[in-house]
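Read-outs: derived from the displayed coordinates by stated rules, not from any lab. Fair warning: this is a prediction, and the values are worked out from it, not measured in the lab. FYI the Cβ positions are ideal-geometry reconstructions off the backbone, even for glycines, and counts take in every protein chain you see.
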Amino acid sequence: MTPLVPVSGTRKVALGLAFFVLFVLAWSAATFGGLVSKTFLADPLTMLREGWSLFAQFGFAKDVGITIWRVFGGFILAAAFGVPLGIAMGAYKPVEAFFEPFVSFARYLPASAFIPLLILWAGIGEMQKLLVIFIGSFFQIVLMVAVTVGATRRDLVEAAYTLGANARGIVRRVLLPSAAPAIAETLRLVLGWAWTYVIVAELIGASEGIGHMITDSQALLNTGQIIFGIVVIGVIGLVSDFAFKRANRALFPWSAA
Amino acid sequence: MSKLAIDGVSRVFPGVRGGPPTEALTPTSLAVADNDFITIVGPSGCGKSTLLRIVAGLDQPSSGRVLLDGSPVSTPGADRGMVFQSYTLFPWLTVRDNVCFGLRERGVAPARQNEIADRWLAKVGLEGFEHHYPKMLSGGMQQRTAIARALANDPKILLLDEPFGALDNQTRGLMQEMLLALWEAERKTVLFVTHDIEEAIFMASRVVVMSARPGRIKADVAVPLPHPRSYTIKTSPEFSALKARLTEEIRVEALKVESGALVGG
């Protein structure tokens with residue numbers, strides 16, 4: 001192996017799949033080989049069987065749908081407020097000086113720690129789940145977007161000024177298009193984090209959703225269902241991430257990535 | 001009256017972390033006549049780029065003023081087109097949309113924008129590249145687009161800050177011919193900063209030599225070579241004599257800078 005030399009497309013896919021295979025093999029060896037008690041870890045076949053019964057008998061599709069709705073709802077809410085504020089902070093230094101210290105502080109507040117408060121304020125309905133994801137995503141989006149916009153190449157801004165652009169033209173026709181690909185990349189990253197918040201929100205005070213199913217299965221010591229729930233989240237995350245990447249590439253063909 | 005008057009312009013940069021302030025440019029005056037092509041040449045650190053940035057309105061002078069057609073300039077504007085050394089095409093816009101940028105900012109009708117852009121792209125030899133993105137172009141083509149973009153605004157003066165500095169020698173020679181032919185045809189007023197003496201003589205009707213630390217104008221030399229000029233003029237005796245003279249002037253300045261750097265540590 002030589003550092004930084006790229007691998008071919010097919011080889012890349014083969015290597016990526018190889019680790020999944022290896023992982024399942026190790027899991028099978030541990031469970032079918034009797035190294036780990038079934039009480040603690042279900043084998044892959046049991047997991048698939050449990051997964052099938054979840055969909056066929058327990059209406060798991062509805063749980064999955066609810067969870068996806070919560071993730072995207074909270075995420076879109078956070079993006080709708082976070083992206084404009086981040087752009088304003090990146091473009092205008094007084095706005096940044098006003099908000100930045102508080103946002104930097106708020107970003108370290110763990111979203112899960114707000115769950116008891118949010119239950120008190122918003123009950124155990126949908127609003128509470130959305131707010132957990134909102135709190136977890138909003139401050140991250142604001143800061144990363146502000147940094148991206150603030151890092152716009154100064155020579156492009158100067159070129160635009162010498163072409164007759166005013167302050168508004170600089171924001172609309174230089175800062176925004178220049179930052180757009182990195183903002184889209186930020187949103188892709190934060191969407192991944194939103195998935196971790198939704199499960200935490202559903203572990204407490206929920207009657208539906210993947211997280212709720214996992215809590216129920218814990219009471220029944222059904223590790224097959226728990227693992228299946230985790231795998232479903234992973235698959236959805238992988239698919240949405242892939243779709244996001246493809247969309248970014250289609251939207252910004254001029255960008256290096 | 002001169003087209004552009006630089007009147008006692010100086011620039012002092014404040015000291016960094018309690019250090020003494022740096023005088024980048026001592027009060028400097030320069031008059032540029034209409035349709036003149038002036039090159040400013042000097043060693044790095046002589047304030048030639050600072051002077052150009054002040055004319056562009058991208059930097060403010062510590063004293064003095066810049067007059068364009070008699071009215072003072074303080075902010076950047078479309079009446080002074082600028083081409084930078086770094087590649088400053090907007091990467092998200094096609095070649096044509098880059099050239100249209102200033103026109104669109106002024107609210108020119110879209111059809112008229114494209115008409116003007118395509119005319120300038122043809123003049124810099126980029127027909128057929130209208131829909132390319134900058135990253136698909138070579139360095140020379142990017143700078144040609146940047147020149148077309150600045151000229152599409154129909155500025156009163158064109159400012160160029162070492163526009164061919166990042167190009168290889170062959171491309172640089174071709175770009176000089178292209179820009180010179182453009183000037184011979186359009187007769188724009190041009191202020192061109194470079195550290196390449198041969199480039200400075202080949203392009204200019206006047207070469208202004210600047211000295212370093214602090215930056216000031218040391219010599220102002222007319223270039224009486226006839227137009228249109230072809231690249232073969234670079235090997236003529238008149239050209240060589242001018243080159244020898246300017247090389248000597250700048251060598252003395254470069255030596256001062258180097259020894260100053262040694263003494264100053």
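So the values come out like this:
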quantity: Principal-axis tilt of helix B:169-186 within chain B, Cα atoms, nearest 10 degrees; calculated: 70 degrees
quantity: On Cα atoms only, tilt of A:223-251 relative to the major axis of chain A in degrees; calculated: 30 degrees
quantity: Per-residue Cβ neighbour rank within 10 angstrom, fewest leading, B:Ile116, A:Ile230; calculated: A:Ile230, B:Ile116
quantity: Order of A:His212, B:His132, B:His195, B:His227 - criterion: other Cβ atoms within 10 Å of each residue's Cβ, fewest first; calculated: B:His227, B:His132, B:His195, A:His212
quantity: Links that overshoot a 26 Å alpha carbon limit, given the list A:Lys62/A:Lys129; B:Lys234/B:Lys256; B:Lys188/B:Lys256; A:Lys12/A:Lys38; B:Lys156/B:Lys234; calculated: B:Lys234/B:Lys256; B:Lys188/B:Lys256; A:Lys12/A:Lys38; B:Lys156/B:Lys234
quantity: Segment A:Lys245-A:Ala219, length gained on full extension (0.36 nm per residue, minus Cα span); calculated: 5.5 nm
quantity: Using θ = phi - 60° and Karplus 6.51 cos²θ - 1.76 cosθ + 1.60, couplings along the range A:18-34 (whole Hz; Gly, Pro as x); calculated: 4, 5, 4, 4, 4, 4, 5, 4, 5, 4, 4, 4, 5, 8, 5, x, x
quantity: Size of charge dipole - the range A:56-251 - debye, nearest 20, with Cβ of Lys, Arg +1 and Asp, Glu -1, no other charges; calculated: 660 debye
quantity: Spin-label pair B:Lys256/B:Ala109, simplified geometry with 7 Å Cα→Cβ offset, distance in nm; calculated: 5.7 nm
quantity: ³J(HN,Hα), Karplus 6.51/-1.76/1.60, whole Hz, each residue of the range A:74-91, x for Gly, Pro; calculated: x, 5, 5, 4, 5, 5, 4, 9, x, 5, x, 5, x, 5, 4, 5, x, 7
quantity: Order of A:Thr215, A:Thr67, B:Thr235 - criterion: other Cβ atoms within 10 Å of each residue's Cβ, fewest first; calculated: B:Thr235, A:Thr215, A:Thr67
quantity: The range A:56-251: mean projected area of Cα convex hull, nm²; calculated: 12.8 nm²
quantity: Degrees separating the helix A:176-203 axis from the principal Cα axis of chain A, which is the longest one; calculated: 30 degrees
quantity: At R0 = 35 Å, FRET efficiency that the Cβ-Cβ distance of B:Ser44 and B:Leu225 yields, to 0.05; calculated: 0.85
quantity: Extension gain (nm, one decimal) between A:Leu25 and A:Leu120, 0.36 nm per residue minus Cα-Cα; calculated: 29.6 nm
quantity: Where the Cα pairs of the protein assembly as shown fall when distances are cut into 20 Å bins, in %; calculated: 18, 37, 26, 16, 4
